[in-house]
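The structure appears below as structure tokens.
The values are calculated or read from the model by the stated rules, or taken from the named source; none is laboratory data. Note that the structure is predicted; figures quoted are calculated from it, not measured. With ideal geometry, Cβ positions are generated from the backbone for all residues, glycine too; neighbour counts draw on all protein chains shown. Accessible surface is based on the protein model in full, side chains and every heavy atom, while ligands, DNA and RNA are left aside. Shrake-Rupley method; radii C 1.70, N 1.55, O 1.52, S 1.80 Å.
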Amino acid sequence: MGDGRDHPGRRRRHARRGLLEKEASMNDYYSLKSRVAIVTGGGSGLGLGIARALGQLGASVMLCDINESSLRRAAEELRLEGIDAAASYCDVTKPDTVRDSLERARQVLGVPDILVNNAGVTLMQDIFEIGDKDWDFILGVNVKGLFRMTQLFADGLRRAGKGGNVVNLSSNGAKVTYDDQVHYCASKAAVSNMTQCMASNFAPLGINVNAVCPGAVDTAMLRACMAATEQQTGGKVTVADCERTWGPPQLGRLIQPVEVGRVVAFLCTPAAAMIRGQSINVDAGNTKF
Ligand SMILES: NC(=O)c1ccc[n+]([C@@H]2O[C@H](COP(=O)([O-])OP(=O)(O)OC[C@H]3O[C@@H](n4cnc5c(N)ncnc54)[C@H](O)[C@@H]3O)[C@@H](O)[C@H]2O)c1
């Protein structure tokens, strides 16, 4: 029985409980427990790394991709790691498949309140070779597909009366130039600008929108660019040269998908609530602005 007096032992216990409570609430700011995330292009590369990082912070994840075999493999891989993951075929250029995937996520995991617009494409082309169909392909996925996906996702949240997060995959190509990817760089500059427009449009709905601008991340897309460089230079610049030189100098290696994923996951946490409409460089110091 207590005597009502403030013993030093009791003060210590109270202080410790206060600390534990503070720690618990601090952890809540960095948690994605009970959140449901959609990751487009989630079957491989950056999308899979991002899904993994979201899952590690507690989110359930719906992977969406056009590649059904990699989708299945990726979802299975995440489930084996203890992440609540499901998969849905989705082509971001086809609104019907987008609607179906959002609905499937709602039924299987709950109302999606995180969207990572990761699906993206590029082509390595000399400026004189770029035709209308190349522009349509790149803008169709990277800009229009991203817009449509976000519009339908935000509408779902509006109907559910819930807030949420969107993170767009821009690129350092939005800020610097890659001579043989004029259309890609333009599309990513559009993504960064759209991120600002979306952030202000969706703020009244409690939807926070940001983008990341990765540097050279070791994925199939980057490997294809390396192979194209080797071919275009007639073998003067080899894939091995690219592996050595494309990594950010401050890092000395290529970036791994999950390293970008951790930043994306952070941007979806309550801790990042004051970061809005930004395009954050995740390129190990390569881009200075
Ligand atoms: N790899 C890098 O160095 C790098 C750097 C900066 C930005 N990015 C951006 O990150 C994102 C992912 O890049 P990545 O390197 O992982 O690419 P990747 O080509 O390795 O993987 C892209 C994934 O998207 C899927 N996909 C393609 N078109 C789709 C569509 N219409 N609908 C749904 N899914 C589709 C593919 O099947 C694939 O699984 C892209 O937006 C890319 O522009 C990549």
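Overview of results
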item: Which of Gly173, Val212, Val143, positive extreme of dipole for the chain (C-beta unit charges); result: Val212
item: Angle between the chain longest axis and helix 182-202 axis [Cα atoms, degrees, rounded to 10]; result: 30 degrees
item: Most to least packed among 236-242, 223-229 [average Cβ atoms within 10 Å]; result: 223-229, 236-242
item: Top of Ala85, Ala190, Ala15 by mean-square fluctuation, Gaussian network on the chain, Cα under 10 Å; result: Ala15
item: Check: the chain dipole with +1 on Lys, Arg Cβ and -1 on Asp, Glu Cβ, in debye; result: 1600 debye
item: Normalised per residue, the volume of the convex hull around the Cα set of the range 152-221 (Å³); result: 98 Å³
item: Out-of-range pairs (alpha-carbon distance over 19 Å; input Lys94/Lys144; Lys188/Lys288; Lys94/Lys133); result: none
item: Listed residues Arg73, Arg11, Arg106, most fluctuating in the chain (Gaussian network, C-alpha, under 10 Å); result: Arg11
item: Portion, in percent, of the accessible area of the chain that falls on carbon or sulfur, probe 1.4 Å; result: 54 percent
item: Relative contact order of the chain, pairs being alpha-carbon contacts under 8 Å that are 6 or more residues apart, as %; result: 19 percent
item: Net length gained if the chain between Glu68 and Arg158 were fully extended (0.36 nm per residue, minus Cα distance); result: 29.4 nm
item: Normalised convex hull volume, the chain, alpha-carbon set, Å³ per residue; result: 180 Å³
item: Dipole of the chain, positive direction: furthest Cα of Thr238, Gly43, Ser187, with charges on the beta-carbon; result: Gly43
item: Dipole-positive endmost among Cys225, Val264, Gln250 within the chain (Cβ charges, Cα centre); result: Val264
item: Cysteines in the chain lacking a second Cys C-beta under 4.7 Å; result: Cys185, Cys197, Cys213, Cys225, Cys242, Cys268
item: Most mobile of Ile83, Ile130, Ile114 in a GNM of the chain (Cα contacts under 10 Å); result: Ile130
item: Cα-based helix-to-principal-axis angle, 45-56 vs the chain, degrees rounded to 10; result: 0 degrees
item: Residue-averaged [θ]222 nm for the chain, counting only DSSP H segments that reach four residues, each worth -39500 (n - 2.57); result: -15000 deg cm²/dmol
